[in-house]
1. Tell me the residue from 45, 2 that is within 25 Å of residue 125 (Cα to Cα), out of contact with any strand residue (DSSP E or B) (no Cβ under 9 Å at 6 or more places or on another chain), modelled with pLDDT under 90 and not assigned by TED's automatic domain parsing to the domain that holds residue 124, please.
2. Filter the stretch 108-136 down to residues that are surrounded by fewer than 16 Cβ atoms within 10 Å (Cβ to Cβ) and assigned to a loop (DSSP other than H, G, I, E, B), then give me how many there are.
3. Of the conditions (1) within 18 Å of residue 124 (Cβ to Cβ); (2) over 15 Å from the mean Cα position of the chain (by Cα); (3) not assigned by TED's automatic domain parsing to the domain that holds residue 126, residue 52 clears all except one; give me its number.
4. On the basis of being over 19 Å from the mean Cα position of the chain (by Cα) and surrounded by 13 or more Cβ atoms within 10 Å (Cβ to Cβ), does residue 69 make the cut?
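The values are calculated or read from the model by the stated rules, or taken from the named source; none is laboratory data. Remember, predicted model here, so these are calculated numbers, not experimental data. Cβ sites come from the backbone with ideal geometry, for glycine too, and all protein chains shown count toward neighbours.
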């Protein structure tokens, strides 16, 4: 590993450290207490850290190849850096962003348009993840109230 990131797990709160170790271990499919570099992003996201794809590529570049297996200590450096760089987005910012796609200026967005936005722009979601997000939110005409949708999604996320 290059020296850009270095740290020990002792610098992280012990409860979080144990949780991170447990999640990390669940991704060890070989039994050598390591994960593949290509799994970095997925493991970070399971730990409620949501780095951009660019950040994940940056972390992966610290190691020789995506097929390389890394230790928990190597992983934790990336985890700490990703947590430090997290920038929370407010409900208002999300509503404002989606409102730019409100063509009728009625506070609603078409499900097909929302699906397109979420699967093709910025940090792309999988179709199956979008299905879960929009489930039960569309009216009979195939539209979703933006503010209600965002509020419910964010409240659900906070409860988790």
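1. 45 is the lone residue from the list that is within 25 Å of residue 125 (Cα to Cα), out of contact with any strand residue (DSSP E or B) (no Cβ under 9 Å at 6 or more places or on another chain), modelled with pLDDT under 90 and not assigned by TED's automatic domain parsing to the domain that holds residue 124.
2. Looking only at that region, the number is 7.
3. Single failed check for residue 52: (2).
4. yes
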